[in-house]
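What follows draws every value from the coordinates through simple rules; no lab data is involved. Predicted, not measured: the structure shown is a model, and the values here were computed from it. As a convention, Cβ positions derive from the backbone with ideal geometry for all residues, glycine included, and neighbour counts pool all protein chains shown.
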Amino acid sequence: MAIDLAQFIQTFFEESFEGLDVMEAGLLALEPDAAVDLEQINTIFRAAHSIKGGSGTFGFKNVTDFTHLMETLLDKMREGRMAISRAAVNTLLESVDCLREMLVAARENAQVDDERVQALRDRLMQLLELKQTAPTATPASDEPTPPQTLGWCIQFQPYPQMMHSGNDPVRMFRELAELGELTVRPDVARLPRLADLQPEDCYLSWELELVGLAPHDAVAEVFAWVEGDCELTLTPLVEAVTPVSAAPPLPSPAVRPGTAEEGQQGELLLERRQTEDRRKGDRRASAVTTPDGGSIRVGIDKVDAVINLVGELVTTQSMLSALGEGFDMSRLDKLHEALDQLDRNTRDLQEHVMRIRMLPVSSVFSRFPRLVHDMSGKLGKEVDLRINGEQTELDKTVIEKIGDPLVHLIRNSLDHGLEPPDERVRAGKPATGVISLDAYHKSGSIFIEVGDDGRGLNREALLRKGLDTGLLKAGEDYSDEQIYELIFHPGLSTAKQISDVSGRGVGMDVVRRNIQDVGGSIQITSQPGKGARITICLPLTLAILDGQLVSIGQDCYIIPLLSVIESVQIRADAVNRVAGKGEILRFRGQPLPILRLYELFGTEDAVTDLEKGLLVVVEADGRQVGLFVDDLEGQQQISIKSLEKNFRRVSGVAGATILGDGRVGLILDISGLIRVNNPVL
Amino acid sequence: MANILVVDDSASMRQMVEFTLKEAGHQVTVAEDGQAALAIAKGGLTSDLVITDVNMPNMDGITLIRELRSLPAYKFTPILTLTTESTTEKKMEGKDAGATGWIVKPFNPEKLLATVNKVLG
């Protein structure tokens, strides 16, 4: 029976990556040179052990070899035969990284950085005080080859308790019989009187004669499991002086080459299977190896909740069909009731199905203790990383996309935000800086905040830079938000000087773009000398959004409800035309730019009189704008279809959807609209 | 067809062993650590064979074997350990606890089935 191992390999990778995370977290929590926390090391050891076992079975020999060294080291630490030095922990941490790369390479059929692997192997070996050997060297069996025999005489005397280990002598006889012609002679001499007989003990012993060319090892192998549970003697059968048995200790051509060949054949088989696996892997490459197409682990409670809701849906459905049979107007109330219930069921079901895609942000957060540990060491800063809310759940796709931006933000805080210890002490702050990472759920969105208690943004330097580059105009009054906003500007963020003076900036535009790509927004607050805080707001899911439908002419557009502040009717005399800036409404004491959407989209038959239409005030990235539309329609949940995939990217449009009546509605990209029409501020 | 209890904390190994044994027509029950396996056994499941990993959280394979051997229904049941250790010392740890034998990792489905058939006869 051929079993395709490829189907389990995906699981192997998943659990291995989880194992690596466990190892990393465990290693980071180890206090070097302190008393050994046995459970801690055991956990790390077990994770390494599982990876080793699995990688061997699934044919990733380089991973097995490498993990074996790590495991050996951990075993020594566990047994107290080796100190948990900082050097050892750091080497193990680097080995975890290396192992992760090896596994990624294995998953994607890519090349590993052999030099790096070898370098780490050498370091592990050094710690283990092992001789450094080439990775492929395997100990050759150099036992003297036993002479060939005609067969074996086997004296087998089990100890009374042998069967307590589940070993059945009959099993062994059966196996021996496969090796040659077997004669079994029982010896009942030790059998006690019936009254003294313990039914669970073994009193029999056997003399066995095996005639055949079976080598010693093959016969001994049969008894391997009962070693220590019996007396066993193997004597070669020499009936007569035959040319073979008289032969000097030279390996007999009939036996040794045979076993060697068997071994080779076995390897060949294994190799062939691997290539088959690889071929199958290739064929399925798009399904298995693309990182986005991976699988997801879902808690059984989530699945149960969905099943439960489907049950309710079925009940509602049968209620409706019962109503439909011979319906008359007197039962209209009942119909409404049932439809309401259907509505509720659908919404609940949708929410719960969505939850299946949700993962705790801890899967991203867990890498930061390591990052902070490594970087603070390099920078000579003392940092206390405080993580809160890592159980907050987010859509899997969002989780995958926010990792890099967060790394960037934390790095910035560490590198530029936090002062060196002496500077902090001079400023009257504790020498140890604090970086906080918080995730929480608020009004239908997920918020992630990265804060530090460092020096904060340098407003003056930013303002100067903004004026120099012409992004800001001299003489105008700018709010803090408007100035901090500059760090997200691509032109500024890459400028070296600004990151030196203000402390932040490299690639912040990329950070913002990544966040926006997943429908989120990013904001920054800062207090000089007290620190900065960056708040990322993310949608719960990418697939569905709550939308406000608005009409412009014959068309229907959707504004993400999250961006909507309010909708107002305005008086035309409150609007000023400002040269170069379009129309500005004085709104609640603030100037609000007006964007006439029908102009932007070239819509005909739209309302053009400001007093006859409506102004929807929306906000994105901390800036507000008034979108002028004909009228508001309903609010509904919108399932987002990609416009890019089906047509092409249109600036100001985030996607499209199909409305209840079959029309296509375009979903407005608010921050895109604001940027397009007001590039600076 | 035999009833086989498979205990391993690694999902991939569990799946592989379960799939292989089921393909061969056996009835398979899986548990993800010693504690779960023991609960299943105490719950009244009888088995013709137990295959268990050694290194597991909550309850390791060695403890599981000791516990199983104290249950009348598992006193003589063959128990095989899955071990990566080829050294006698480690294999013997399982034996001392009452294991029947072992399967050394890495193993492939063929080797697994050969060993299982050997034990089941």
When the charge dipole of region A:333-414 is computed with +1 at the Cβ of Lys and Arg and -1 at the Cβ of Asp and Glu, the Cα pointing farthest to the positive end, of A:Pro369, A:Asn345, A:Leu335, is that of A:Pro369
Given unit charges at Cβ for Lys, Arg (+) and Asp, Glu (-), the dipole magnitude of region B:3-120 about its Cα centre in debye, nearest 20, is 340 debye
Rounded to the nearest 0.05, FRET efficiency between A:Glu18 and B:Leu45 (Cβ-Cβ, R0 45 Å) equals 0.95
Once A:Val510 and A:Tyr440 are pulled to full extension, the length gained, defined as 0.36 nm per residue separation minus their Cα-Cα distance, is 22.8 nm
With R₀ set to 30 angstrom, the calculated FRET efficiency between the beta-carbons of A:Tyr203 and B:Asn58, to the nearest 0.05, is 0.15
In nm, the gap between the two label points placed 7 Å beyond Cα toward Cβ at A:Asp4 and A:Gln341 is 4.5 nm
Dipole check, the protein assembly as shown, charges on Cβ (K,R +1; D,E -1), about Cα centroid: among A:Gln198, A:Ser50, A:Val383 the Cα furthest to the positive pole belongs to A:Val383
In this structure, the FRET efficiency calculated for A:Asp187 and A:Ser295 from their beta-carbon separation, with R0 = 60 Å, to the nearest 0.05, is 0.55
Toy charge model, Lys and Arg Cβ at +1, Asp and Glu Cβ at -1: the protein assembly as shown dipole around Cα centroid in debye, rounded to 20, equals 1620 debye
Summing -39500 (n - 2.57) over every DSSP H run of at least 4 residues in the protein assembly as shown and dividing by its residue count gives a helix-only mean residue ellipticity at 222 nm, to the nearest 500 deg cm²/dmol, of -13500 deg cm²/dmol
Shielding of B:72-79 by other chains, given as the mean Cβ count within 10 Å, works out to 3
Length gained if A:Leu128 through A:Asn646 is fully extended, taking 0.36 nm per residue and subtracting the Cα-Cα distance, is 180.7 nm
Exposure proxy check on A:Glu15, A:Glu604, A:Glu619: fewest-to-most Cβ neighbours within 10 Å is A:Glu604, A:Glu619, A:Glu15
If the chain between A:Lys378 and A:Glu460 were fully extended at 0.36 nm per residue, the gain over the current Cα-Cα distance would be 26.6 nm
In this structure, among A:Lys442/A:Lys465; A:Lys396/A:Lys641; A:Lys302/A:Lys641; A:Lys378/A:Lys530; A:Lys465/A:Lys581; A:Lys76/B:Lys105, pairs with alpha-carbon gaps over 28 Å are A:Lys442/A:Lys465
Out of A:Phe66, A:Leu99, A:Phe12 - ranked by how far each Cα lies towards the positive end of the dipole of region A:1-117, with unit charges on the beta-carbon of charged residues - the top one is A:Phe66
For A:Gln636 and B:Ala73, extending 7 Å from Cα along the Cα-Cβ vector and measuring point to point gives, in nm, a value of 5.6 nm
